[in-house]
Amino acid sequence: MKRQIAILGSTGSIGTQALEVIEEHQDLYEVYCLTANNRVELLAQQAHKYHPAAVVVANEQRYDELKQLMSDLPDVKVYAGAKALDEIVEAGPIDMVLTAMVGFAGLSPTIHAIKANKTICLANKETLVVAGELICQLAQEHHAAILPVDSEHSAIFQSLVGEDLNPIDKILLTASGGPFRLKTMDELARVTKADALRHPTWDMGAKITIDSASMMNKGFEVIEAKWLFGVEAQQIQVLVHPQSIVHSAVQFQDGSVKAQLGVPDMRLPIQYAFSFPQRLPLSGDRLDLFKARSLEFFEPDLDKFQCLRMAYEAISQGGNMPCIVNAANEIVNRAFLEDRCSFLQMGDIIAKTMQRATYIKTPSYDDYLATDAEARRIANELLHA
Ligand code: NAD
Ligand code: MG
């Protein structure tokens, strides 16, 4: 029996690479459903190639167009809207749900998939940033496994295989440092979105590429690691490692450090999430340590990259604070991409939103929705002030 996979966000960077992995292992995996936000042409093209049972476009206004593009495949069900995403992940045949959509929109379908006992291959880190505690609690209740797709978290996960209950002393979370690693504050004040979109080692979607430039991405990954591996944020040390070869590491009580290394290629962590605990062949470049020559590690500059500092602050305050940071970040990230906000303004607006939004110590699901809306409103006001 082939494992049935639902891909949320199949038209994106992670989604398209996941389809490449599935294509290499058609004997093992089958696409049950494909979803996108807007790009119906690519979605329909993918559906013609992979013949899923269903396709969903989140933006309802694109439904007619998608329906038209799918008219020669009457067996494939076509749906639209956020609610349809929540429903499709519950479909009986689905074994695994790859959450490869971007942002807060990942929260609701991930919860639905967990409640339907699906295995979650988690790329959408925003879900754990926003509501890590709730997600972990639900996953435990419903015996739904959450397998990391983020390369650092996959590296940590791979380093933990065979360690059973051996406690983690410390997590070494590596970061490329992004395109602005060596810039001064003066230079940072003037960088453009084109500069930010030129990531030195990874080719990713626009939102996460901007988050990498500000290092908010690394801050989010600290929060993601806390929830995935049950450690305190203080046990997670960020190391700037410009070569992106050591994907992260774990230090144990005896001082031993285990790491996972490889070329920067997201297909590996995607495939490992699908095939765990097995490893499957994967075509592509191999790591050549002679070519790599030197592996460097530096402490991150938290004054220059205040987003990373704020993420640590948010997780230490806990409650809905990470949700506030995520919402404000989604607003300023988009604004920066649309030239409505400068690079350094992004951090300033997030800091002010953290001060102004209503803090809730033990938020419910509805509180997260309200927090997200309130923080977006505040960040937007600050943007226009
Ligand atoms: P992307 O922008 O390339 O693709 C995003 C996908 O999500 C698209 O298919 C889009 O149609 C869909 N989408 C966007 N908004 C949506 C909405 N409101 N509802 C439903 N679908 C929506 O992004 P990406 O780089 O592939 O990243 C996806 C997720 O994976 C993000 O959470 C990111 O942080 C995480 N991630 C990505 C990488 C990477 O290498 N790209 C690495 C680690 C983690
Ligand atoms: Mg990562």
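The values are calculated or read from the model by the stated rules, or taken from the named source; none is laboratory data. Note that the structure is predicted; figures quoted are calculated from it, not measured. Neighbour counts run over all protein chains shown; Cβ positions are idealised from the backbone, glycine included. Accessible surface is based on the protein model in full, side chains and every heavy atom, while ligands, DNA and RNA are left aside. Shrake-Rupley method; radii C 1.70, N 1.55, O 1.52, S 1.80 Å.
At a glance:
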{"item": "Amide H contacts of K77 (H built 1.01 Å from N, under 5 Å, at least 5 apart or other chain)", "result": "A54, V55"}
{"item": "Most mobile listed residue (A116, A80, A189) in the chain, GNM with C-alpha springs under 10 Å", "result": "A189"}
{"item": "Percent RCO, i.e. relative contact order, over the range 154-254, from Cα pairs under 8 Å lying at least 6 residues apart", "result": "53"}
{"item": "Alpha carbon centroid spacing (whole Å) that separates the range 13-46 from the range 287-343", "result": "29"}
{"item": "Highest average packing first - 16-27, 318-329, Cβ atoms within 10 Å", "result": "318-329, 16-27"}
{"item": "Cross-link partners of K226 among aspartates and glutamates (Cα-Cα below 12 Å; sequence separation of 8 or more within a chain)", "result": "E133"}
{"item": "Rounded if a/c under 1.5, otherwise prolate or oblate - the chain, Cα gyration tensor axes", "result": "rounded"}
{"item": "DSSP-defined beta bridges in the chain - what % are antiparallel, rounded to 5", "result": "25"}
{"item": "Euclidean distance between Cα centres, the range 80-150 to the range 205-270, Å", "result": "21"}
{"item": "The range 261-385 - Rg and Dmax from Cα coordinates, angstrom", "result": "19.6, 54"}
{"item": "The range 318-385: C-alpha gyration tensor shape, a/c 1.5 cut-off, then a/b vs b/c", "result": "prolate"}
{"item": "Dipole magnitude of the chain, debye to nearest 20 (Cβ charges: Lys/Arg +1, Asp/Glu -1, about Cα centre)", "result": "380"}
{"item": "Total formal charge among the other residues, if their Cβ is under 14 angstrom from that of N380, Lys/Arg +1 and Asp/Glu -1", "result": "+1"}
{"item": "Pairs beyond 19 Å (Cα-Cα), from K67/K207; K77/K115; K218/K304; K77/K207", "result": "K67/K207; K77/K115; K77/K207"}
{"item": "Accessible solvent surface per residue of the chain, calculated while the other protein chains remain in place, 1.4 angstrom probe, Å²", "result": "45"}
{"item": "Percent of Cα-Cα distances greater than 17 Å, calculated over the range 39-166", "result": "62"}
{"item": "Top positive-direction residue, dipole computed over the chain with Cβ charges, set Q158, V191, N217", "result": "V191"}
{"item": "Contact order normalised by residue count of the range 1-115, Cα under 8 Å, 6+ apart, percent", "result": "30"}
